[in-house]
1. Taking only the range B:193-204 into account, find how many residues are away from every other protein chain (no Cβ under 14 Å) and either in a loop (DSSP other than H, G, I, E, B) or at positive phi (or both).
2. Looking at (1) assigned to a loop (DSSP other than H, G, I, E, B); (2) under 28 Å from residue B:120 (Cα atoms), which one does residue B:33 not meet, given that it meets all the others?
3. Please specify each residue of the range A:67-100 satisfying the condition of being touching a helix residue (DSSP H, G or I) at 6+ places or on another chain (Cβ under 6 Å) and within 21 Å of residue A:38 (Cβ to Cβ).
4. Taking helices (runs of 4 or more DSSP H) that fall entirely within the range B:132-192, which contain at least 2 residues that are facing another protein chain (nearest Cβ under 7 Å) and without any contact (Cβ under 8 Å) to a residue 60 or more places away in the chain?
5. Do we have any residue at all in the range A:44-61 that's charged (D, E, K, R) and loosely packed, with under 12 Cβ neighbours inside 10 Å?
6. Does the range C:283-291 include one or more residues that are closer than 30 Å to residue B:142 by Cβ and at pLDDT below 95?
7. Mind checking whether some residue in the range C:37-49 is surrounded by fewer than 24 Cβ atoms within 10 Å (Cβ to Cβ) and at the interface with chain A (Cβ under 9 Å from one of its Cβ atoms)?
8. Based on what the data block shows, is residue C:175 surrounded by fewer than 18 Cβ atoms within 10 Å (Cβ to Cβ), closer than 23 Å to residue C:242 by Cβ, of a type in the set (S, T, N, Q) and free of Cβ contacts under 8 Å to residues at least 60 places away in the same chain?
Amino acid sequence: MGYVAAKGGFDAIRAAEELVRTRQRESRSSWLELDQIIDRLGYAVDRVMGEGGLWDPELAARAFRQAEGDLIEATHLVRAHRSTLPRFGATRTVDADEIDVLRRIVPAFREPPGPQLLGRTLDYTGRLLDLTPEDQARNEAVMAVADGLTDTGTTEADEVADHDIDRATRVPGRLLDALRSMDAVVDRRRSDDPDPIDITRLPARPGSPRSARLSAMARAETGALVQLWYRNILGPDRHLHEVTLGEVRHGRLPVSVEHPLTGEPLTVGHVRVTEVEAIEDLDGVDEDRTRFDVGYGMTFGHNERKAIAMANLDIALARDDGSGPLEQSVLLTTDGLDASGFLEHLKLPHYVTFRSMMERKSALRSDRVRQARADRRPVAVSDCEVTDLSGVGA
Amino acid sequence: MNAPNEWALLVEGLGKVYGPGGAEAVPGTGPDFGRTVSPSTGAIVGCWDIDLEVVPGEALGVIGESGSGKSTVMRCIAGDQTATTGQARLRSVDDGATNLFDMEPSARRALRIDQLAVVYQDPSEGLDLGVSAGGNIADRLTAAGWRNFGQIRARAAELLARTEVPLDRMDDPVGTFSGGMRQRVQLAKALANRPSVLLLDEPTTGLDASVAAGVLDLIRDLLDETGVGAVVVSHDFNVIEMLTRRSVVMHHGRIVEQGLTDQLLEDPQHPYSQRLVGAARG
Amino acid sequence: MRLLELAIETSNETARPILDESSKREVRRAVLTAVAVPGYQVPFGSREMPVARGWGSGGLQITLAVIGDDDTVKVYDQGEDGGVNAANLRRLIRRSEEVETTTDARAATIIQTRHRVPEDELIEDQTLVLQVPVPEPLRGVERDMNELRRMHAEGDYAKMWVSLYEDIVRNGVITQTTGYPCLVNDRYVIATTPIPRWDVPRLHQAKFLSLFGAGREKRIYAIPPHTDVEPLTFTDVAFEVEAIASACRCGLIRPGGERAAYLVELPRQDGTSEWVCSDTDWCARQRVDAGLLDPTTLVETEVEL
C-alpha cells in the first residue's frame, strides 16, 4: 500500500503484451504447428537448442514460434524456462566415439580411415533462390507425400534409418586417433579437468579449465563466435591461424544416466550434435614444429559453422594459454543473451543517471569550476618549494 | 670492503634458468663453455652464481653485452621475473632478514611502492603514457597512501622540477614527451617515495648523445643527493664510468670480473673484460 | 546425493516459480558470503530470468532468493513505482512467489531498486536490493580480468586514484556522475550501481542491508548494516552530490527548504524545464502530510496477475 498508483506502467505493459498476443492468435494465416517448425525450420530449432543449452526440439520450436522467429529471444525463453526446473541429476559423460553419423567429412585426407559421407548438407544445393510458384510447389509436395517418396512424419530416429549405411560406417574411427598413430600430433591430454565444469553453476571466467571454455562456446551465439573467429583471422587481433579440418561430423549420440537403484548406466535418449576437430600447424618458438595440435568443437544440433569456429578458437586458446585477451573475449563476450540483453537495456529509463550527467555538464560550465581550472594552471616553479631531494632514501 | 651490516641491497647466489631442469641445466654453460644454452636440457641459463652488494649512496655497475644476463639479474631483483635460486635482501625490509625471493608476490609487488624502484630503458614499462607527468607520480604517491590533492601536486611538482621537467608540461600526457623527458619523468616517479634502492636498466640507451649526457648528469646528481643505493645496468662504459664507483662484468650469465670501476677500465684482468674495454675505447 | 533422493527432495515445487529452489539456495549462499566480506564481488551461477540480462536479472534473483513468508516487497525504477520496468518486475515476483507488494518504502521489508535509494530513511530489518549493470568499479581504468582480480586482492587502487587526480587536473572538478566508486569497510572499492551521488552518503553507516546483484556479470556484493562506505575523494577536494537548484512542482521541495530530495528534469520544447521529485511515492506522501493531496484519490489499486 502506498500513495502512488503503480498501475500506469502495469497498464502499459499489459497493453503492449495484448498487441503481441493479438497478432500471434488472431493472425489470418493458419496456426503454425510445432512439427512444421521442427521439420521445416530445423536449423533454427537446432540453433535455439544449442545456444539455449537445452536439448528439446519441441520446446525449442515452441520458443521459436513464440519469439516470432527471433533466435535470441527464443534462446532467452528456453534458458529462462530451464531456470525454473530443478536440477536433480547429471547424465554420465558422453563418449563422443559412440556417435552415429549422419554426415562426416574429413577435408585433411582424400581417403581417411572410415568414410567420407557427405550426408545432408546445404553446401552444394546450388544456392539459387527457388522461384517455383507456390501452388505448384505445394502440389508437388502433396504428391510426393501421396507417392510415399517422403515420410512427413520424420522423426529423429527415422532420419538415421533413412541413411542406408551399415553401423561400421555410421560409427567411424576418429581422425585424431589415426594422427596419433602416425605420431603427427603433440599429446596435450591432461588429467586435471576430469569432470566437465557446469557453467550454469560456476561462471566461466578467465582461468577456468578447458571444459568450461568449451561449454561456454557450445552455448555461445553462433554469430558471435563466427565474428570472433573472423576478427582474429583478418582483423587487428590476429590470434588465429586458419586450421585444416580433420573431422566435421553431424550425428546422434546416446545419452545415459546412472540408474538410481542399480547404479547401472541406462540410455535415456539421444541428442544430435555437430562435432569438429581442427588441425593446427604449430609454429611458435616454444612449440613442437614437427607436429600438429588439434582443437575441438561440439554443439547441439546441426551447426557446422559454429562448431568449426569453436574448434579453431579452442586450439587458439590452448596456444595462447591465457596470456592474451582472447580467453576473456571468448568467455565474456560471446554469450548471445548477455550481449543482447545489455545492449537492449539501453532502452530502459535512464533519466535519473542522465540528470546526474546534465548536472556535471552545468558544473563544468559554472564560474566556480572555471575558476578552479584557472587556479590549477600548471604549478609555476615559484609556487612550490623546490628543495633538493637529499634525505630521500634515508 | 664494507662492513657486512652496511649494505642496502645484498644479492647472493642468484640464478635464473629459462626452461626445464633448474640447477641441472647449469653444467656446461657459462663463459668457460661459451654458451648459455644447456647441453643437457636445452634450457637457457640467464644468469647463475650472481653475488652483489650495494651500500647506501653507492652505485654499482653491471656491464656486459646484450645477452650477458645483466638485465635478467636486474629483473629478478626487481621482481619482474622469478629467480630460480638465490637470495636478495634489502636492509630496509626486516633489517635484511627476509629473502625477497621467499616473499608472497603481493608483498613483493608492494616493495615497489617505496622500497625498491626501477627505471627502465623503455619508458612505457615504467610509465603510463596516457597519463600526465603529474598523474604518473600521483600513481606512486596514492599507492603509498597520499590522499591530499594539493600535497600530491606539490610533491609531484617538486620532483619534476628537480628532474628538470618543465612544469608547464606537468599536466600533459607523458606520451607527448620526448625520450629524454620521459626518462626524467621516470626518475621523478621512481624517487617519489624515497626508495632505499634504485635499479637503472640502460637508462640512457636509445637517447641522442647530448640528451643522454644531460640525463646522466641528472642521475649522478640525484644519486649523490638522495643517498639511494643504486644498481646501474648498461652495455655502455661511459654510463658505468660516469655513475659508478664499483662494477661487475657479466659474460654468458656469469660475473667474470669485479672491482673498482676506474681500475677495471684501466686494467681489465679477464680476457672478456679486456676485449670489452678494448672495443669501447678502440 | 543419489539421483532419486534429489528428485524426491526437489519435487515439492510451487505453481510457476521462475527460479527453482536449489538455485535460490545457491544465491543465498552467495549473498551470505557477500555479507561476510563487505564489498567483495562474489561470483555466482547466475540463472537466466524472464527478464533480459541488464534488465534486473541479478536483482531479481536476489529478491526471489531472500523473500520469506512475511515479506512485503517494493519494486521501483528511477524512483518511480509506476514505470514499465518496475511494473514488469513486480508482476514477475508476484507470479512467482506469494508475497505482498507495496509502494511505501517504509512498509517494505525488501526494496528492489534500479538507480535510486529511497528518500525515506530506511531502518534495520529492511533490505535494499540494487540492480547492477556493471559491478566492476575499476573497469574504466583496467580491462584485463586477471589484473582486476589482483588489484582488488591487494587493495591496489592507485589507478583509480590517478583517474580522479587526472579528472581534477583536466576539468577542475570530479566529473564522475553516477555509480561513484566507494571504499567499503576500508577494504574493497565497489561500484555504487549507478545511483546518483546524491544517494551515496546514505549508504554510509546505513541501518539497512544493501545487496547488489549483477546477473549478466554473475556477481553479488553487499554492504551490511552499519558499515563504512567512503566515496573515493581527496581530503582537500570535497565529495559533491548533485546540485539541486530548482523546486519540485509540488512546491514543497525547494532549494534551502526543510526537506530535500533528488529531482529530475522535465524539459519543455522552449528550453525551460519543470522539476519533480524522482521518488514519486515519497513526494506524494509529503503532499498528503502537508494537506495538499487527498490520500483517498491515490490509493493503489491491487495489481491483478
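The values are calculated or read from the model by the stated rules, or taken from the named source; none is laboratory data. If you're wondering where the values come from, they're calculated on a predicted model, not measured in any experiment. With ideal geometry, Cβ positions are generated from the backbone for all residues, glycine too; neighbour counts draw on all protein chains shown.
1. Going through the range B:193-204 one residue at a time, the tally reaches 3.
2. (2) is the only condition that residue B:33 fails.
3. Within the range A:67-100, A:67, A:71, A:72, A:74, A:75, A:76, A:77, A:78, A:79, A:100 qualify.
4. B:133-143, B:149-162
5. Within the range A:44-61, none of the residues are charged (D, E, K, R) and loosely packed, with under 12 Cβ neighbours inside 10 Å.
6. Taking the range C:283-291 and keeping what is closer than 30 Å to residue B:142 by Cβ, we get none.
No, the range C:283-291 contains no residue that is closer than 30 Å to residue B:142 by Cβ and at pLDDT below 95.
7. Yes: the range C:37-49 contains one or more residues that are surrounded by fewer than 24 Cβ atoms within 10 Å (Cβ to Cβ) and at the interface with chain A (Cβ under 9 Å from one of its Cβ atoms).
8. yes
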